[in-house]
Amino acid sequence: MKRSLTLLAVLIAAVAGGGYWYAHSKLPQRTGEVTVAGLQAPVSVRYDQRGVPHIQAQNETDLYRALGYVHAQDRLFQMEITRRLANGELAEVLGPKLVETDTLFRSLRIAEQARSMVARQDRQSPAWLALQAYLEGVNAWQDSHPRPVEFDVLGITPRPFTAEDTLSIAGFMAYSFAAAFRTEPLLTYVRDHLGKYYLSDFDLGWDPEGAVQTPPHLAAADWRSLGRIAQVSHQALGDAGLPQFEGSNAWAVSGRLTASGKPLLAGDPHIRFSVPSVWYEAELSAPGFHLYGYHQALNPFASLGHNREFGWSLTMFQNDDLDLIAEQVNPDNPEQVKIHGQWHDLTSTQQQVRIKGEDPLTLTLRRSPHGPIINPAVSGHENGTPIAMWWAFLETENPILEAFYDINRANTLDRMRAAAAKIHAPGLNLVWANAQGDIGWWAAAQLPIRPDGVNPAFILDGSTAQADKLGFYPFSANPQQENPAAGYIVSANFQPVSPTGMVIPGYYNPPDRGRQLNNNLASPGVKWDLHNSQALQLDTATAYGPHLLTPLLSVLRQVVTDVHERELVEQLAAWRGDYPVESTSATLFNQLLYEFARAATHDELGDEWFETLLSTRMVDTLLPRLAADVDSQWWARKGSNAHSDRETVVKLAWDNTLAHLRTTLGKDPANWQWGKAHTLTHGHPLGAQKPLNLLFNVGPFAAPGAHEVPNNLSSRIGPAPWPVTYGPSTRRVIDFADAGAALSINPLGQSGVVFDRHYADQAQDYIDGRYQRALMGLAGETEGTLRLVP
């Protein structure tokens with residue numbers, strides 16, 4: 001027995017020792033000296049207490065090579081999985097469940113466009129040289145270090161990262177902004193199956209029948225195909241566990257409205273939560289260049305950043321830059337479609353999707369003169385009406401590398417305006433300020449000119465002029481402001497106004513969040529500083545909930561007779577639309593919102609289209625208008641002879657709300673606290689597989705905030721509980737009186753290495769609404785110094 005116990009102890013010690021050695025071998029190196037091929041001179045990388053690298057180089061090429069090296073050691077798996085998503089290569093490592101996602105991204109032709117963009121690059125431009133140096137740094141680290149844990153688990157064989165990968169990820173970003181795949185099929189279905197009167201509550205604002213009064217005829221199989229496309233589009237990024245751009249807040253305040261007398265900049269881009277989080281922070285310094293930046297995977301140029309001279313943040317423009325087009329097929333030749341009375345040939349190519357554990361899948365991808373045909377490959381329905389996709393990302397020059405290289409150096413209004421004009425897709429709002437006292441905002445995108453009267457919210461008829469593009473508007477027509485008289489600028493995904501007064505089609509968020517921010521920034525006598533700017537970012541209230549409830553309260557007071565339930569109605573009446581974790585009214589409202597949507601629309605839409613509605617921004621527009629519309633067509637019960645009206649639907653929604661909350665959270669309404677039902681878990685791509693979730697995922701945390709409040713910790717409209725899906729991907733506040741005291745927070749941590757101390761060391765501060773210093777210069781506060789030498 002003694003011998004057996006001794007042997008067991010030795011085995012346990014060996015396993016523990018082996019596990020420690022394995023984990024330690026994966027950790028980033030933040031001290032010492034390493035040789036990096038290609039450097040011209042030594043580079044110093046000092047790490048602060050959050051694990052953020054502060055890179056000091058003697059020239060710009062070495063600076064970007066060093067950034068690539070340290071970015072890779074913290075985030076190599078994120079780089080790998082993101083490029084695989086953009087290029088349609090996830091199923092090769094994650095298995096058959098990702099085939100649909102791969103098929104979607106192959107159909108978008110992102111990789112093909114990335115190759116075309118690379119072919120157009122000036123090989124001597126500073127942006128190209130910086131990108132090449134950065135990628136050489138990434139590949140240098142990959143070639144000289146053990147594979148990340150995720151590579152071992154999934155059996156990924158490392159391969160070099162390329163410029164095509166970087167630009168493919170730019171395409172993924174552009175796709176994640178596009179709502180057309182879900183919204184256009186839904187609205188077209190409502191128009192063609194239910195009738196145009198059902199559209200009135202969507203507030204489309206244009207002729208719902210489009211420029212031509214003969215919408216394309218789509219058969220039942222076509223609708224099934226489009227419904228599947230909408231579902232795949234919505235599920236794709238969630239299934240991959242990767243960030244998706246959803247919204248954002250940003251504002252700039254001039255010095256006359258700040259306590260310091262200098263401009264103040266604040267921003268919090270709203271992005272789907274993931275592990276690791278989307279942004280990689282790094283301070284870059286070389287002769288003639290200095291920036292504290294926030295970088296995406298495989299991108300050497302900061303998407304957000306600041307220094308002591310200037311800074312900027314981003315929000316989504318949300319302009320509609322993607323049209324779905326129903327083609328008319330030649331009955332004598334299925335490989336031809338009619339455009340302006342002439343038959344045009346479709347072209348086709350074949351690609352193979354590699355699938356882990358299975359034989360490869362061969363895809364046939366077709367293209368019409370309008371763009372790629374998306375429905376057969378994505379939906380699996382080979383027959384029926386071809387649906388083409390016109391997308392600005394595929395149809396513009398889009399010198400986005402050069403644009404962000406210039407943005408990283410844009411310390412004046414003129415330089416920032418010129419850089420913004422180079423962004424063609426995706427549409428971005430750039431909110432900017434400098435220490436000299438200027439503030440500005442530019443909606444950056446190339447806006448297509450469509451024929452008069454064409455409403456791109458619907459699927460267009462490819463045989464007519466509906467699908468034509470007549471060029472692009474000049475950048476001067478884009479919404480923009482420079483040093484406005486109000487003294488501040490706010491951007492929160494609401495519909496912007498063009499200087500020309502033209503309508504800019506888009507899928508904008510409701511105005512409530514923007515109004516909440518605007519009302520605060522317009523408050524007379526307030527002097528803005530770091531403290532009250534934090535409070536504004538962390539605000540958990542808007543008028544959306546009370547506005548929607550106002551017309552329903554009189555109905556609820558009429559149809560609810562139980563004395564205890566009437567107390568809950570009055571509790572809702574007193575609710576101010578805020579979402580602290582202890583609120584029970586927030587929980588009651590959120591469940592009622594879902595049940596109201598379901599009771600009013602599910603009988604007309606059915607399971608598939610109802611779920612699609614909930615995945616679009618149109619539901620946020622629909623519900624308040626529907627609540628106030630006594631005569632809406634939606635109140636009738638489709639397929640039933642029983643009488644129905646608003647009172648009937650609201651009573652059904654109320655009863656279902658209470659039944660669900662009692663079953664899910666308990667019979668006592670005092671236990672229905674928001675933080676019990678609304679939680680944030682940061683999910684890793686491998687965390688969907690138990691028990692790996694225990695190793696890779698972070699959370700859950702009781703989450704304040706909600707959908708479309710400034711602290712936009714958002715969950716999808718649905719039944720309780722509500723897992724948070726997206727929210728502020730960082731919170732930043734910079735006062736240019738002392739940019740070195742700027743505040744920042746990461747939702748998780750700087751590192752993407754699971755065993756590292758910086759993997760999730762900011763997660764609790766983030767959910768609690770605390771900030772940390774974004775240190776510049778890092779005098780005497782280093783955690784370690786890594787010296788890179790030639």
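Where a number appears in this text, it was derived from the coordinates with a stated rule and is not lab data. Remember, it's a predicted structure, so these values are computed and weren't measured experimentally. Don't worry about glycine lacking a Cβ; one is built from the backbone with ideal geometry, like all the others, and counts go over all protein chains shown.
Computed 3J(HN,Hα) for the stretch 704-710, one whole-Hz value per residue from the Karplus formula 6.51 cos²θ - 1.76 cosθ + 1.60 where θ = phi - 60°, is x, x, 5, 5, 6, 10, x, glycine and proline marked x. In the distance distribution for the stretch 544-723, Cα-Cα pairs more than 29 Å apart total 24 percent. Put simply, the amide H of Gly784, placed in the peptide plane, has neighbours under 5 Å in Tyr47, leaving out anything fewer than 5 places away on its chain.
Could you tell me which of the pairs Lys196/Lys638; Lys196/Lys469; Lys338/Lys469; Lys196/Lys651; Lys97/Lys690 are separated by over 18 angstrom between their Cα atoms in the structure shown? Pairs exceeding the cut-off: Lys196/Lys469; Lys196/Lys651. Taking GluC sites (Glu not before Pro) in DSSP loop states with no more than 14 other Cβ atoms inside 10 Å as exposed sites, the chain has its longest site-free stretch at 1-381.
Karplus-derived 3J(HN,Hα) values for the stretch 510-522, using 6.51 cos²θ - 1.76 cosθ + 1.60 with θ = phi - 60°, are x, x, 4, 5, x, 5, 4, 5, 4, 4, 5, 5, 8 Hz; glycine and proline are entered as x. Modelled label positions at Ile449 and Lys356, each set 7 Å beyond Cα in the direction of Cβ, lie 5.0 nm from each other.
Amide H contacts for Ser715 (H built 1.01 Å from N in the peptide plane; partners 5 or more residues away or on another chain; cut-off under 5 Å): His707, Thr725. Amide H contacts under 5 Å for Asn330: Gln336, Val337, Lys338, restricted to partners 5 or more places along the chain or on a different chain, H placed in the peptide plane at 1.01 Å from N. Other residues whose C-beta falls under 13 angstrom from the C-beta of Gly769 contribute a net charge of -2, scoring Lys and Arg +1 and Asp and Glu -1.
In the chain, a dipole from Cβ-located charges (positive for Lys and Arg, negative for Asp and Glu) runs towards its positive end, and of Leu460, Ala485, Met416 it is Met416 whose Cα lies farthest in that direction. Extension gain, Ala573 to Val503: 0.36 nm times the residue separation minus the Cα-Cα distance gives 21.5 nm. In units of the compact-protein estimate 2.2 N^0.38 Å, the stretch 652-790 shows a Cα radius of gyration of 1.36.
Remark: the stretch 163-175, residue by residue, has Karplus-estimated 3J(HN,Hα) of 4, 4, 5, 4, 6, 5, 5, 4, x, 4, 4, 5, 4 Hz, where x stands for each Gly or Pro and the curve is 6.51 cos²θ - 1.76 cosθ + 1.60 at θ = phi - 60°. Computed from the Cα positions only, the extents of the chain along the three principal axes stand at 79, 78, 69 Å, in decreasing order. Projecting the Cα atoms of Ser644, Leu626, Thr657 onto the charge dipole of the stretch 619-658, computed from C-beta unit charges around the Cα centre, puts Ser644 farthest toward the positive end. By the count of neighbouring beta-carbon atoms within 10 Å, fewest first, Thr587, Thr362, Thr679, Thr785 end up ordered Thr362, Thr785, Thr679, Thr587.
Of the trypsin sites (Lys or Arg not before Pro) in the stretch 83-153, the ones in a loop by DSSP (not H, G, I, E or B) with at most 16 other beta carbons within 10 Å are Arg120, Arg123.
Of the trypsin sites (Lys or Arg not before Pro) in the stretch 648-691, the ones in a loop by DSSP (not H, G, I, E or B) with at most 16 other beta carbons within 10 Å are Lys667.
Computed over the chain, relative contact order equals 19 percent, with contacts defined as Cα pairs under 8 Å that lie 6+ residues apart. Nearest 0.05, what FRET efficiency do Ser200 and Asp655 give at R0 = 30 Å with Cβ-Cβ as r? With a Förster radius of 30 Å, E is 0.65. Note: relative contact order over the stretch 544-723, using C-alpha pairs below 8 Å and six or more positions apart, is 27 percent. Based on the Kirkwood approach, the hydrodynamic radius assigned to the stretch 560-638 is 14.2 Å, with every pair of different Cα atoms included.
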